[in-house]
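Before any comments, here is the structure.
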C-alpha cells in the first residue's frame, strides 16, 4: 500500500511508495491539461514516485510547453526525462506523450488512416531491455464519444484501429504495453453506476465488445490492473468533478495498462493514486501505476 500524508500539510500530494530493486515502474494518467495539472500539484506527486516511464493523455499543449513544465516539475529532484509527444490537430485538445528516464530506441506517432480527429491520440516508444529484448509502450487517448453524434463515429473507428493494430504490435516486439485513457468501462465492475449508463458512451455494448476482443483469445492482451485486483469493484480511475462523485467513490475504471501475456506475468503490483481529498485533485483522473520486473 502507498503511504500518503493524512493531514493535508506540507506535502499534500506526496505519495511514498519505495520501489523494489529490479523493478520498472510504469504509470499512466490523463492530466486534463498539463498546465493545470502542474499548477495544482502534479510535480509534487511526480517527485517521489520513482517512475521510469510515464504516459500522459489529454496534454493539451505543444512540445515546447510540455518540455518546459516537465523540467519545472522535476527541478527539485534533478530528474531528467526524454519526451516523445504528439499534439492534436485541433490545438488545445487531446495530445499524448511518453516520458522516460532512459532514451527510447525508437519512437512513432499515429494510428489508423491519418484521420485528423485521431491525431494526438497515439504515440509509441521502444525500449531495449537488459536481455536485448524490446518493450514497446503506447500512450493512448480514445475519443470520449457521444451517442448519436459524429463523436461516437470517431470513437468506434478508433477502437477498430486499435483492434487492427494490437496484433501487429505484439508481432513486432517481445513485450508490448498499451496504456492510457481508453474511455470505456469493460465490465459492470468498472463503473459504479453501470445500470444508469448502459445507453451512454463509455458503456455501450458495441464498445465493450471491442474490449472482449482485446482481452480475449481473439487478440490476447491482458488487463493488468484487473488481473492484479481480482473481481472487485474498480479500483476506479476517473470521477466527475460534478456533485459528490469523488467523495462517494462513484467512479469509472477507464484507464488501462494492456500487456502482452509474457509481460503481464511480470506485473507485480498495481496502484491507483487516488487523491486524499477532492480539493487535492490535480486531474479528474488518477494515475494508474504498475510495477514490472523486467529483464
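With the structure loaded, tell me whether residue 241 is surrounded by 14 or more Cβ atoms within 10 Å (Cβ to Cβ) and either more than 19 Å from residue 162 (Cβ to Cβ) or at pLDDT 95 or above (or both) or whether it fails that test. Steps first, please.
Working: surrounded by 14 or more Cβ atoms within 10 Å (Cβ to Cβ): no; either more than 19 Å from residue 162 (Cβ to Cβ) or at pLDDT 95 or above (or both): yes.
The answer is no for residue 241.
Only a single item in (1) in a helix (DSSP H, G or I); (2) closer than 20 Å to residue 158 by Cβ; (3) in contact (Cβ under 8 Å) with a residue 40 or more places away in the chain is not met by residue 94, and it is number (1).
Kindly establish whether residue 132 is in a loop (DSSP other than H, G, I, E, B) and more than 21 Å from residue 224 (Cα to Cα). Before the answer, list the steps.
Numbers: in a loop (DSSP other than H, G, I, E, B): yes; more than 21 Å from residue 224 (Cα to Cα): yes.
Considered against the rule, which asks whether it is in a loop (DSSP other than H, G, I, E, B) and more than 21 Å from residue 224 (Cα to Cα), residue 132 comes out as yes.
Scan the range 219-242 for residues that are farther than 21 Å from residue 283 by Cα and either in a loop (DSSP other than H, G, I, E, B) or in contact with a strand residue (DSSP E or B) (Cβ under 8 Å, 6 or more places away or on another chain) (or both) and the total you get is 13. Out of 215, 203, 246, one residue alone is modelled with pLDDT of 95 or more, within 29 Å of residue 24 (Cα to Cα) and surrounded by 15 or more Cβ atoms within 10 Å (Cβ to Cβ). It is 215.
Residue under question is residue 107, and the condition is that it be buried (at least 16 other Cβ atoms within 10 Å of the Cβ), in contact with a helix residue (DSSP H, G or I) (Cβ under 9 Å, 6 or more places away or on another chain) and not in a helix (DSSP H, G or I); does it hold? When the stated conditions are applied, residue 107 does not pass them. Considering only the range 120-127, I want to know if a residue exists there that is at pLDDT 95 or above, surrounded by fewer than 23 Cβ atoms within 10 Å (Cβ to Cβ) and out of contact with any strand residue (DSSP E or B) (no Cβ under 6 Å at 6 or more places or on another chain). No: the range 120-127 contains no residue that is at pLDDT 95 or above, surrounded by fewer than 23 Cβ atoms within 10 Å (Cβ to Cβ) and out of contact with any strand residue (DSSP E or B) (no Cβ under 6 Å at 6 or more places or on another chain). Answer yes or no: is there a residue in the range 41-49 that is modelled with pLDDT under 95, assigned to a loop (DSSP other than H, G, I, E, B) and closer than 21 Å to residue 82 by Cα. Yes: one or more hits.
Remark: pairs (first residue in the range 37-49, closer than 14 Å to residue 79 by Cα; second residue surrounded by 20 or more Cβ atoms within 10 Å (Cβ to Cβ) and at pLDDT 95 or above; Cβ separation under 6 Å; 6+ apart in sequence or on different chains) = 43/73; 46/73.
Here is a check on your reading of the model: is residue 220 without any contact (Cβ under 8 Å) to a residue 24 or more places away in the chain, more than 16 Å from the chain's Cα centre (by Cα) and either within 30 Å of residue 161 (Cβ to Cβ) or surrounded by fewer than 15 Cβ atoms within 10 Å (Cβ to Cβ) (or both)? Answer is no for this residue.
Somewhere in the range 193-214, is a residue part of a loop (DSSP other than H, G, I, E, B) and more than 21 Å from residue 142 (Cβ to Cβ)?
To start, the set of residues in the range 193-214 that are part of a loop (DSSP other than H, G, I, E, B) comprises 193-194, 198-204.
Cutting the leftovers down to more than 21 Å from residue 142 (Cβ to Cβ) gives us none.
No, the range 193-214 contains no residue that is part of a loop (DSSP other than H, G, I, E, B) and more than 21 Å from residue 142 (Cβ to Cβ).
Candidates are the residues of the range 49-72 that are more than 15 Å from residue 98 (Cα to Cα) and under 19 Å from the mean Cα position of the chain (by Cα); the one that is surrounded by the most Cβ atoms within 10 Å (Cβ to Cβ) is 49.
The values are calculated or read from the model by the stated rules, or taken from the named source; none is laboratory data. Keep in mind it's a predicted model, so treat the numbers as computed, not measured. A quick note on method: Cβ atoms are made from the backbone with ideal geometry, for glycine too, and the neighbour counts reach across all protein chains shown.
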